[in-house]
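Only one structure is covered here, and it is reproduced in the block below.
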Amino acid sequence: MNVDQPAQKPIFTKDDFVSSQEVRWCPGCGDYSILATAQRTLAKYNIPREKHVFISGIGCSSRFPYYMNTYGFHTIHGRAPTIASGLKCVAPDLKVWVITGDGDGLSIGGNHLIHCMRRNIDINILLVNNQIYGLTKGQYSPTSEFGKVTKSSPMGSIDYPINALCIALASESTFVARTTDTDPRHMGMILERAMAHKGTSFVEIYQNCIIFNDKAFGPVTGRDTKEDRMVFLEDGKPLIFGKDRNKAIFIKRLQPVTGDYDPVKTYPDILVHQESGVSSHHAYLLTQMRYPEMPVPFGVFRAIERPTYDALLQNQVDQAVKDRGAGDLKKLIYGGQTWRVE
Amino acid sequence: MAMTHSKTITQATAITVRFAGDSGDGMQLTGDQFTDTSAVMGNDFATFPDYPAEIRAPAGTLPGVSSFQIQFSEAIVFTPGDIADVLIAMNPAALKVNLHHVKKSGLIIVNESVFTEPNLRKANYKTNPLNDGTLQDYQVMRVPITELTKNALKEHPLKLTEVERCKNFFALGLMFWLYSRDYEYTFQWIKKKFAKRPEIAEANIAAVKAGYSFGDITEAFNVQYQVKKASLQKGTYRKITGNEALAIGLIAGARLANKTLFYGSYPITPASGILHELSSHKHYDVKTFQAEDEIAAIGTAIGASFGGQIAVTGTSGPGVCLKSEALGLAVMAELPLILIDVQRSGPSTGMPTKTEQTDLLQVLYGRNGESPICVLAPQTPADCFDVAVEAIRIAVKYMTPVAILSEGYLANAAEPWKLPEIEKFEKITVVHPQKTEAEFLPYARDPKTLARPWAIPGTPGLEHRIGGLAKADLTGNVSYDPVNNQKMIQLRAEKIQRIAEDIPALEVRGAKSGQLLVLGWGGTYGAIYQAVDDLDKDSSRIGQAHLKYLCPFPRGLEKIVRSYKKVLVPELNSGQLIMLLRAQFPGVVFEGLNKIQGLPFQVDEIRNKIKGLL
């Protein structure tokens with residue numbers, strides 16, 4: 001039985017992953033949807049809950065571990081990837097999750113995020129992006145739009161925003177995806193893909209902060225607009241969108257552009273998604289599709305295979321034991337030049 | 001080898017030699033070889049490498065000078081010697097930088113070949129010190145080392161630059177002759193080191209021989225010295241530096257606990273040697289992680305500790321600053337963690353390669369909130385081994401971070417290490433809880449140690465959450481209860497204090513009461529010991545005690561300090577330990593001796609201070 005695939009006969013239910021702690025996010029917070037989806041997703045696998053560890057930094061979303069009936073560690077601001085990395089290095093059989101936000105992961109903890117991904121440590125990173133600092137009550141974040149008026153930017157933010165997925169791609173992440181709190185079904189599918197991936201899985205989740213940045217993604221993911229402004233990526237398939245599935249993304253002079261689509265016709269310049277390209281420029285191009293000029297892509301941008309750091313680290317230990325024998329403490333102490341005094 | 005005793009042989013008890021040259025001249029290597037041979041010949045010794053942070057400052061300049069000092073003796077030695085009997089200066093800059101480290105009437109051997117106009121200028125000499133009377137108080141031996149090396153290697157198929165690089169071996173050979181050392185050990189080492197370049201090995205060996213013969217033949221040297229074997233305790237010895245001893249001690253501690261050793265670290269002088277050493281011992285189930293920064297280094301170690309393994313992070317003072325917040329997390333999470341701080345001269349980047357004891361207060365108090373940790377300080381390079389094992393024992397028994405305050409001086413200095421019988425070491429018992437009928441309480445405490453259970457992820461039925469937010473007693477759930485908060489802070493402080501019941505009582509050497517106690521900590525041990533020994537061998541006016549445990553203090557400290565009229569506290573800082581002692585033991589007369597020059601104490605400095613107090 002491969003426990004890394006959803007079980008045919010699941011032995012757990014969502015409730016098995018619900019902790020006794022009262023959830024304390026604001027009513028209507030997008031985090032509820034993410035929590036429930038994570039719990040539902042884990043219940044699909046016959047992986048016992050003691051094998052899961054949720055590690056977070058600081059921020060609203062970083063309260064997540066308290067609500068999961070698994071092992072958990074609510075650490076300090078931005079550092080969750082480091083603690084997760086250390087844990088995974090000594091306990092490779094655990095399923096290690098990092099829950100972070102746009103401030104925690106991309107501002108104070110940006111360095112760790114980059115290096116965790118380039119090492120390809122086999123953990124799953126969920127970056128909950130609401131484009132605002134929530135827990136500190138409403139300052140602009142590194143993903144807030146330019147000109148954003150907040151408590152700390154009354155005349156508008158003069159910080160140009162960062163694109164989470166570009167950071168992931170530049171960091172040579174082997175799995176890069178985007179989903180949204182408004183679509184739990186899609187989110188569940190992405191979480192399953194992330195779990196199945198060996199290596200660092202980076203998932204950006206658009207999340208609504210109802211108090212400080214309500215409807216930030218509404219123009220894209222809102223009920224009335226989503227079909228025209230979201231495009232879902234499917235490996236090997238062209239990027240088609242629109243309520244009537246009559247629009248598609250084409251490549252013109254290395255730029256993605258929208259155009260009419262008729263399924264009976266063939267289009268040499270239509271953009272066909274490929275997750276596993278050797279280089280990341282296809283995925284990078286997708287990250288540049290932004291509202292309002294373009295529909296925004298959701299799904300798996302990139303999924304490639306590369307040896308994981310934790311496995312390579314263990315391999316070196318095993319190789320050293322093979323080459324030199326399991327270390328004999330006496331030999332270590334008596335190593336180098338010794339002499340006797342009688 | 002053929003010893004040609006053509007000259008007078010004089011017995012010497014202890015000799016201090018200082019090798020000095022350009023960073024690229026191989027002075028550290030030369031000193032190491034001289035040390036190894038002295039060790040094999042049965043002398044006791046202590047060494048002190050003194051080198052710049054610049055990897056290769058411009059050749060011949062003052063910042064580029066690298067030095068290595070060794071004291072070797074037929075008696076037990078405690079320091080690398082205050083001041084050198086002999087200086088080998090490979091260029092004018094080395095002479096200039098090191099002249100004040102040589103005693104008056106001491107011997108200075110200079111590489112005359114390079115005392116040229118341009119080199120003198122680089123060393124800021126306006127006139128040639130060999131001729132202008134600068135060295136009139138010394139015995140000066142002008143040896144054209146570069147020329148003689150070139151001559152000796154005429155037949156060897158090397159490039160000129162390669163030939164010139166052999167000159168340190170000529171100098172080594174000369175020193176071998178002067179102190180009647182056997183060169184066989186160095187030959188073996190050269191052959192091994194240059195196994196892939198036999199022509200280099202042969203040239204280096206020839207250079208050693210040439211230097212040796214030069215001493216023997218030249219009329220300039222008319223005395224050869226001998227230093228007898230020291231009466232060290234019976235046993236097997238090896239030469240060890242503090243960083244090596246820490247690394248080996250950590251591996252031993254993890255082994256005694258039957259655990260993986262995880263070392264998360266970011267390269268920093270003078271702690272990097274620990275990372276290098278550990279990364280070469282992976283077959284001891286050692287996992288080293290070179291992190292992206294200091295914070296990640298401690299973060300990964302905390303993760304590994306959460307995962308149930310022995311977790312260590314090593315750094316120097318600037319790195320400790322960056323790790324402070326994470327260290328607080330380890331305090332709050334009550335996880336075992338070893339923090340190594342190989343102290344260097346500060347503040348800020350300071351003098352990275354120079355030693356100091358200025359991080360005591362930082363390690364004790366440099367965190368937000370009240371977050372006590374256990375703090376240990378090794379006394380000698382070899383002591384680093386014992387301290388590493390002890391730190392692991394305490395960390396896992398009390399579920400706490402333990403800091404090891406080493407020093408740049410200890411990290412790089414070498415001494416003979418009497419090898420311990422590791423099979424007689426007590427195992428370090430670690431019990432990870434398993435599920436029982438009772439509800440699992442992650443913050444329930446052992447009634448004796450106050451340690452919380454170390455339940456590790458993967459254990460069925462013990463799923464729980466920890467973190468940096470204030471913890472409710474027993475359950476560890478997030479709590480804002482004011483009374484609970486105070487209780488938890490007091491419990492954590494009490495836990496650290498209870499370690500005092502579990503460590504050796506402080507010992508006093510010499511007078512148990514009376515006029516003066518000299519109380520130190522860390523790497524000043526050797527210099528203090530020697531100073532007290534020199535002054536008080538026959539009388540018994542002085543007591544000496546040395547703190548290896550800085551938090552908590554060992555039992556009996558108060559009684560001890562109150563048994564003397566005065567307590568002298570020598571420290572390589574402005575008075576950090578003394579501040580703690582004054583706060584804790586009011587009424588006792590504490591007197592400081594403070595040095596913050598990036599250099600260890602000289603025995604003489606402590607001796608003079610003591611004399612003034614008696």
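A few points about this structure:
- Between B:Glu294, B:Glu334, B:Glu325, the distinction of being closer than 22 Å to A:Gly57 by Cβ and touching a Phe, Trp or Tyr at 6+ places or on another chain (Cβ under 7 Å) belongs to B:Glu294 only.
- Filter pass, B:Gln530 being outside the structural domain of B:Pro401 (by TED's automatic domain parsing) and either modelled with pLDDT under 95 or not in a loop (DSSP other than H, G, I, E, B) (or both): yes
- Verdict on B:Lys259 being basic (Lys, Arg), facing another protein chain (nearest Cβ under 10 Å), surrounded by fewer than 24 Cβ atoms within 10 Å (Cβ to Cβ) and within 16 Å of B:Ile310 (Cβ to Cβ): yes
- Counting the residues of region B:292-310 that are among the hydrophobic types (A, V, I, L, M, F, W, C) and either surrounded by fewer than 24 Cβ atoms within 10 Å (Cβ to Cβ) or facing another protein chain (nearest Cβ under 7 Å) (or both) gives 6.
- Here A:Ile11 does not fit the description of being farther than 20 Å from A:Ala194 by Cα and without any contact (Cβ under 8 Å) to a residue 24 or more places away in the chain.
- Count - residues of region B:237-257 that are part of a strand (DSSP E or B) and more than 29 Å from B:Leu178 (Cβ to Cβ): 0
- Only residues that are over 29 Å from A:Val90 (Cβ atoms), touching a helix residue (DSSP H, G or I) at 6+ places or on another chain (Cβ under 7 Å) and within 14 Å of chain B (Cβ to nearest Cβ) were counted across region A:284-342, and they come to 2.
For (1) touching a residue at least 12 places away in the same chain (Cβ under 8 Å); (2) within 26 Å of A:Ser152 (Cβ to Cβ); (3) more than 8 Å from chain B (Cβ to nearest Cβ), each residue gets a yes or a no:
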position	(1), (2), (3)
A:Lys95	yes, no, yes
A:Gly103	yes, yes, yes
A:His112	yes, yes, no
A:Asn129	yes, yes, yes
A:Gly134	yes, yes, yes
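- Residue in region B:170-184 that is nearest to B:Gln33 (Cα to Cα), counting only those that are out of contact with any Lys or Arg (no Cβ under 8 Å at 6 or more places or on another chain) and in a helix (DSSP H, G or I): B:Leu172
A quick yes/no check of all residues on (1) among the hydrophobic types (A, V, I, L, M, F, W, C); (2) in a helix (DSSP H, G or I); (3) in contact with a Gly (Cβ under 6 Å, 6 or more places away or on another chain):
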residue	(1), (2), (3)
B:Thr146	no, yes, no
B:Lys150	no, yes, no
B:Pro157	no, no, no
B:Glu162	no, yes, no
B:Asn168	no, yes, yes
B:Thr186	no, yes, no
B:Glu202	no, yes, no
B:Ile205	yes, yes, no
B:Ala210	yes, yes, no
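- Comparison of A:Asn130, A:Asn111, A:Asn120 shows that the only residue that is modelled with pLDDT of 95 or more and either of a type in the set (Asp, Glu) or surrounded by fewer than 24 Cβ atoms within 10 Å (Cβ to Cβ) (or both) is A:Asn111.
- Residues satisfying the stated conditions in region A:40-63, i.e. hydrophobic (A, V, I, L, M, F, W, C) and either within 10 Å of chain B (Cβ to nearest Cβ) or more than 26 Å from A:Asp183 (Cα to Cα) (or both): A:Val53, A:Phe54, A:Ile55, A:Ile58
Here's the yes/no breakdown for (1) in contact with a helix residue (DSSP H, G or I) (Cβ under 9 Å, 6 or more places away or on another chain); (2) closer than 18 Å to B:Phe170 by Cβ:
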{"site": "B:Gly26", "(1), (2)": "yes, yes"}
{"site": "B:Leu29", "(1), (2)": "yes, yes"}
{"site": "B:Val40", "(1), (2)": "yes, no"}
{"site": "B:Ala46", "(1), (2)": "yes, no"}
{"site": "B:Tyr51", "(1), (2)": "yes, no"}
{"site": "B:Gln71", "(1), (2)": "no, no"}
{"site": "B:Phe78", "(1), (2)": "yes, no"}
{"site": "B:Gly81", "(1), (2)": "yes, no"}
{"site": "B:Leu87", "(1), (2)": "yes, yes"}
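- Test: residue in region B:262-278 that is within 9 Å of chain A (Cβ to nearest Cβ), assigned to a loop (DSSP other than H, G, I, E, B) and modelled with pLDDT of 95 or more: no
- Taking the numbered list (1) away from chain A (no Cβ under 14 Å); (2) over 26 Å from A:Pro48 (Cα atoms); (3) crowded, with 16+ Cβ neighbours inside 10 Å; (4) not hydrophobic (A, V, I, L, M, F, W, C) in turn, B:Pro447 passes all entries but (3).
- Residue satisfying all of: in region A:64-88; at the interface with chain B (Cβ under 7 Å from one of its Cβ atoms) and of a type in the set (A, V, I, L, M, F, W, C); farthest from A:Arg193 (Cα to Cα) among these: A:Ile76
- Residue match in region B:510-521 (condition: within 21 Å of B:Ala411 (Cβ to Cβ) and modelled with pLDDT of 95 or more): yes
- Any hit, region B:509-522, residues being in a helix (DSSP H, G or I) and assigned by TED's automatic domain parsing to the domain that holds B:Val603: yes
- Condition check for A:Ile158: in contact with a helix residue (DSSP H, G or I) (Cβ under 9 Å, 6 or more places away or on another chain) and either assigned to a helix (DSSP H, G or I) or not small (Gly, Ala, Ser) (or both): no
- Set A:Arg306, A:Arg290: member being surrounded by fewer than 19 Cβ atoms within 10 Å (Cβ to Cβ), in contact (Cβ under 8 Å) with a residue 40 or more places away in the chain and among the charged types (D, E, K, R): A:Arg306
- Leading residue by the ranking (farthest from the other protein chains (Cβ to nearest Cβ)) among those in region B:183-204 that are touching a residue at least 24 places away in the same chain (Cβ under 8 Å) and within 18 Å of B:Lys167 (Cβ to Cβ): B:Glu199
- From the list B:Lys259, B:Lys192, B:Lys209, B:Lys196, the lone residue that is in the same structural domain as B:Asp341 (by TED's automatic domain parsing) and of a type in the set (D, E, K, R) is B:Lys259.
- Each residue in region A:64-112 was checked for being assigned to a helix (DSSP H, G or I) and either among the aliphatic types (A, V, I, L, M) or touching a helix residue (DSSP H, G or I) at 6+ places or on another chain (Cβ under 8 Å) (or both), and 21 pass.
- Residue check for A:Arg119: among the basic types (Lys, Arg), without any contact (Cβ under 8 Å) to a residue 60 or more places away in the chain and within 10 Å of another protein chain (Cβ to nearest Cβ): no
The values are calculated or read from the model by the stated rules, or taken from the named source; none is laboratory data. Values in this document were obtained by computation on a predicted structure and should not be read as measured data. Neighbour counts run over all protein chains shown; Cβ positions are idealised from the backbone, glycine included.
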